[in-house]
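Enquirer: Sharing a structure with you now.
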Amino acid sequence: MANASPPDPRTIARPVLSGATVRERIPLMLPSLPTADELLPYLRRIDERRWYSNFGPLATGFEARIAHSYAGAGACHVVALSSCTAGLELALRALSLPAGAPVLVPAFTFIATASAVRCAGLAPVVADIDADTWLLTPDIARAAVRSIGARAVIPVTTFGAEQDGEAWAAFARDTGVPVVMDAAAGFGNQRDPGPTCAVFSLHATKPLAAGEGGFVVTRDAHLAHAIRRLSNFGINLDRPLDGPIGSAVATGTNAKLSEYHAAVAHASLDRWTDIAAMRQSVYERCVRTAQDACGGRLGVQRVPSSTVRSVCAYRFPDAGTRDRAEQALQARSIGTRRWYLPTIDRQPAFGHVDHLPTPVAEALSARLLGVPFYPDLPQPAIDEIAVALAGAFG
């Protein structure tokens with residue numbers, strides 16, 4: 001048994017929400033992380049220094065590399081963290097909003113967006129999205145703020161799509177409402193961190209992946225310092241005016257990025273140009289092949305062609321066609337995902353939250369289906385997916 005070959009990751013049984021397992025011949029996602037050889041130089045640095053956490057040299061070096069990439073936007077402050085969700089929560093807490101203050105979030109997003117709001121002691125309020133970009137926009141937020149008096153807004157870079165940083169800056173100037181951008185899948189696309197900050201994910205499924213982790217990008221040095229301190233139990237390390245050095249001056253948590261995750265993040269950043277190009281190429285082939293097979297009847301998110309994609313999702317004309325496509329793909333052991341169904345306000349844990357009318361988000365959620373997408377998805381698999389999708393249209 002010691003010499004047995006490892007299982008093919010494309011055929012590993014994967015858990016599903018029901019608790020059962022499904023053997024996906026073509027999985028929905030297949031993470032693309034650095035190889036052991038690519039990691040080795042960074043792991044050797046850890047061995048040499050024997051520094052494993054607590055703002056180690058690899059973590060701070062990764063922050064410096066990200067800050068350099070954002071220098072053109074004037075965003076010179078980066079804080080590496082254990083996850084994007086932790087980054088959202090700590091960014092909100094660093095704003096020192098009143099307990100229970102309403103925070104606007106889009107209905108069409110992953111549950112972590114709203115969870116971070118609640119974990120920060122605030123109240124998520126759900127708003128609608130734009131029908132073409134699938135984003136919560138400044139125009140939608142303006143109307144919502146007038147209606148509910150939101151004290152902060154979390155726009156999401158849905159599936160990695162870029163948010164308009166300048167438009168959000170104008171929104172913040174006009175309303176006085178801070179904007180914490182959930183840019184989980186937005187690295188490579190979200191070039192402007194917005195008026196307050198943007199929070200990115202390093203999860204294994206994201207384009208820039210470290211297995212787990214995240215980071216905050218901001219122009220605000222004070223905000224960055226507050227987030228960093230909160231990520232280390234609220235301990236004051238370097239500012240005597242804030243209180244005794246080494247004492248807890250705020251109630252924080254442990255959300256630091258370990259050196260091992262930072263090593264993977266460095267290696268991923270080393271190969272970013274290739275990964276971004278592969279994702280763009282594969283996505284273009286996926287959409288072109290599927291649209292040709294389906295007569296152009298699949299709806300796609302309206303974003304710039306240069307967008308580095310994190311997923312491939314199609315909007316169908318109606319829920320029935322979506323369901324038939326899903327069944328056809330599953331019959332071929334091809335992975336699928338209903339993003340995001342149900343919408344945030346219909347999730348059991350958030351069913352009682354305040355929400356504005358969300359007809360666009362609800363209609364999109366009912367007709368959207370995610371299909372397999374990853375950088376090394378082979379053309380025969382792309383062709384097979386397209387054939388299955390076409391069958392749903394009869």
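Quick grid of which residues meet (1) assigned to a loop (DSSP other than H, G, I, E, B); (2) more than 24 Å from residue 347 (Cα to Cα):
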| site | (1), (2) |
| --- | --- |
| 133 | yes, no |
| 145 | no, no |
| 163 | yes, yes |
| 177 | yes, yes |
| 180 | no, no |
| 191 | yes, yes |
| 199 | no, no |
| 217 | no, yes |
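Enquirer: Does residue 117 satisfy the criteria of being in a helix (DSSP H, G or I), more than 23 Å from residue 304 (Cβ to Cβ) and within 19 Å of the chain's Cα centre (by Cα)?
Expert: On the way: in a helix (DSSP H, G or I): yes; more than 23 Å from residue 304 (Cβ to Cβ): yes; within 19 Å of the chain's Cα centre (by Cα): yes.
Yes: the conditions hold for residue 117.
Enquirer: Return the total of residues in the stretch 51-66 being closer than 15 Å to residue 187 by Cα and surrounded by fewer than 17 Cβ atoms within 10 Å (Cβ to Cβ). Give the steps one after another, and end with the answer.
Expert: Within the stretch 51-66, the subset closer than 15 Å to residue 187 by Cα is 62-63, 65-66.
Next, only the ones that are surrounded by fewer than 17 Cβ atoms within 10 Å (Cβ to Cβ) stay: 65.
So the count comes out to 1.
Enquirer: Still on this structure: Which of the residues belonging to the stretch 232-247 are under 18 Å from residue 56 (Cα atoms) and not in a loop (DSSP other than H, G, I, E, B)?
Expert: Selection gives 232, 235.
Enquirer: Can you find even one residue in the stretch 80-88 that is hydrophobic (A, V, I, L, M, F, W, C), modelled with pLDDT of 95 or more and surrounded by fewer than 17 Cβ atoms within 10 Å (Cβ to Cβ)?
Expert: No: the stretch 80-88 contains no residue that is hydrophobic (A, V, I, L, M, F, W, C), modelled with pLDDT of 95 or more and surrounded by fewer than 17 Cβ atoms within 10 Å (Cβ to Cβ).
Enquirer: Restricting the search to the stretch 213-268, which residues are without any contact (Cβ under 8 Å) to a residue 24 or more places away in the chain and among the basic types (Lys, Arg)?
Expert: 229, 239
Enquirer: Regarding the stretch 369-381, can at least one residue be identified that is assigned to a helix (DSSP H, G or I), of a type outside the set (Asp, Glu), in contact with a Lys or Arg (Cβ under 9 Å, 6 or more places away or on another chain) and under 30 Å from residue 153 (Cα atoms)?
Expert: no
Enquirer: Hey, does the stretch 241-252 have a residue that's touching a Phe, Trp or Tyr at 6+ places or on another chain (Cβ under 8 Å) and crowded, with 16+ Cβ neighbours inside 10 Å? Step through it out loud before you land on a result.
Expert: Residues of the stretch 241-252 that are touching a Phe, Trp or Tyr at 6+ places or on another chain (Cβ under 8 Å), as a first pass: 248, 252.
From what's left, crowded, with 16+ Cβ neighbours inside 10 Å: 252.
Yes, there is a match, as at least one residue in the stretch 241-252 is touching a Phe, Trp or Tyr at 6+ places or on another chain (Cβ under 8 Å) and crowded, with 16+ Cβ neighbours inside 10 Å.
Enquirer: Restricting the stretch 290-318 to residues that are crowded, with 19+ Cβ neighbours inside 10 Å and of a type in the set (Ser, Thr, Tyr), which is nearest to residue 359 (Cα to Cα)?
Expert: My answer is 314.
Enquirer: Turning to a different aspect of this structure: Among the numbered conditions (1) within 27 Å of residue 364 (Cα to Cα); (2) in a helix (DSSP H, G or I), tell me where residue 295 comes up short.
Expert: Just one mismatch for residue 295, condition (2).
Enquirer: Quick check on residue 321: is it in contact with an Asp or Glu (Cβ under 7 Å, 6 or more places away or on another chain), crowded, with 16+ Cβ neighbours inside 10 Å, polar (S, T, N, Q) and not assigned by TED's automatic domain parsing to the domain that holds residue 122?
Expert: No.
Enquirer: Follow-up. Residue 335 fails exactly one of the following numbered conditions: (1) over 23 Å from the mean Cα position of the chain (by Cα); (2) under 21 Å from residue 378 (Cβ atoms); (3) small (Gly, Ala, Ser). What is the number of that condition?
Expert: (1)
Enquirer: While we're here: Name the one entry in 287, 303 that is among the hydrophobic types (A, V, I, L, M, F, W, C) and assigned to a loop (DSSP other than H, G, I, E, B).
Expert: 303
The values are calculated or read from the model by the stated rules, or taken from the named source; none is laboratory data. These numbers come from a predicted model, not from an experiment. All Cβ positions, glycine included, derive from the backbone under ideal geometry; neighbour counts span all protein chains shown.
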